[in-house]
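Taking it in order: structure first as structure tokens, then the write-up.
The values are calculated or read from the model by the stated rules, or taken from the named source; none is laboratory data. Computed from a predicted model, the values in this text were never measured in an experiment. For neighbour counting, all protein chains shown are included, and Cβ atoms are generated from backbone atoms with ideal geometry for every residue, glycine included.
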Amino acid sequence: MEFDKMMLTLRKLALQAGDRIMEIYADPNFEVRSKSDESPVTEADEAADTLISAGLQAAFPHAALITEEQSATHDLEAGNFFIVDPLDGTKEFVKRRGDFTVNIAWVEDGTPVRGVVYAPARDRLFWTQADGTTVEETGPFNQDKIGICTPISVSKADNSALSVVASKSHRDQATDDYIGKYAVSDLKSAGSSLKFCLVATGEADLYPRLGRTMEWDTAAGHAVLSGAGGQVVRFNDHTPLTYGKPGYENPFFIALAPGVDLKKH
């Protein structure tokens, strides 16, 4: 796979999807429905999915594609694949809180190696370059021309005073109990895959997730964090979180800067 071409394509598709999402976000009467699992879905999810899927299939016709909004893709088995959440943080979108993202990632042999996370309402764009390192690009964004990009890297954290980020919509007592095992200097909440990006930039040191997630929720953020020097491990045994699992469902996990000494649960 040519990573130069790939990342130009992924970046452009994320920006295009973000523009479409924001058009719908500006409409006070956008439609919200419930999926079979009672989670919300909007016309923005579907419009962004259509755009990204068509773009990936045109540019990489032989690559496998897994996407949240197409249940038929959830039964596919592939070693290497694109995985997409066209609108991560739908609850944030519906509540107009801004913490939603476009997530597109490329997985090789169980590891997300390239990805883009775009938060259109926050004007934040994170992506892995062809060499695998991560940058944050500063807007205004041009779909056809890369702007000012700043390399990002995780903090030089240690356990004496940690900045922790947790889910805005899915925080629970078990998460709070686990966070309580650390000396926390700052606790912030964020929605969607932005939590990975906050660890990637050093704005946070630790992000524990003790709740159900799917691989399309995490792959792009995982790639962004890895390219900034961070890690994502399984909560129960601290082994690397891998992808291509049955049903594309994740176990509980922890995203972290490597200087953090993880506590046993």
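What residue, among those in region 162-210 that are of a type in the set (Lys, Arg) and touching a Gly at 6+ places or on another chain (Cβ under 9 Å), is surrounded by the most Cβ atoms within 10 Å (Cβ to Cβ)? Give the derivation first.
So the first thing to find is which residues in region 162-210 are of a type in the set (Lys, Arg), and the list is 168, 171, 181, 188, 195, 209.
After this cut, where a residue has to be touching a Gly at 6+ places or on another chain (Cβ under 9 Å) as well, the list is 168, 171, 195.
Working: Lys168: 19, Arg171: 14, Lys195: 27.
This residue is Lys195.
Restricting attention to region 70-92, the residues that are under 15 Å from the mean Cα position of the chain (by Cα) and either of a type in the set (Phe, Trp, Tyr) or under 21 Å from Gly55 (Cα atoms) (or both) total 7. The conditions are (1) touching a Phe, Trp or Tyr at 6+ places or on another chain (Cβ under 6 Å); (2) in the same structural domain as Ile66 (by TED's automatic domain parsing), and Phe126 fails exactly one of them. Which is it? Condition not satisfied by Phe126: (1). Give Gly132, Gly139 a once-over and let me know the one that is out of contact with any Phe, Trp or Tyr (no Cβ under 7 Å at 6 or more places or on another chain), within 17 Å of Gln231 (Cα to Cα) and not polar (S, T, N, Q). Testing whether each residue is out of contact with any Phe, Trp or Tyr (no Cβ under 7 Å at 6 or more places or on another chain), within 17 Å of Gln231 (Cα to Cα) and not polar (S, T, N, Q) leaves just Gly132. Taking only region 3-50 into account, find how many residues are modelled with pLDDT of 95 or more and more than 28 Å from Asp144 (Cα to Cα). The total comes to 0. Of the strands (runs of 3 or more DSSP E) lying entirely inside region 111-202, the ones with 2 or more residues being polar (S, T, N, Q) and within 21 Å of the chain's Cα centre (by Cα) are found at 134-138, 162-167.
Which residue is surrounded by the most Cβ atoms within 10 Å (Cβ to Cβ), if the candidates are limited to region 211-249 and must be assigned to a loop (DSSP other than H, G, I, E, B) and touching a residue at least 40 places away in the same chain (Cβ under 8 Å)? Show your work before the answer.
Step one: filter region 211-249 for residues assigned to a loop (DSSP other than H, G, I, E, B), giving 211-213, 228-230, 235-239, 241-245.
From what's left, touching a residue at least 40 places away in the same chain (Cβ under 8 Å): 211, 213, 228-230, 242-244.
Numbers: Gly211: 15, Thr213: 18, Ala228: 25, Gly229: 18, Gly230: 27, Thr242: 15, Tyr243: 21, Gly244: 20.
Step by step, filter region 211-249, then rank; the result is Gly230.
Taking Val117 as the residue in question, decide whether it is aliphatic (A, V, I, L, M), under 19 Å from Asp49 (Cβ atoms) and not assigned by TED's automatic domain parsing to the domain that holds Glu215. Here the answer is yes, as Val117 does meet what is asked.
A residue that is within 21 Å of Cys149 (Cα to Cα), of a type outside the set (Asp, Glu) and within 15 Å of the chain's Cα centre (by Cα) cannot be found anywhere in region 236-244.
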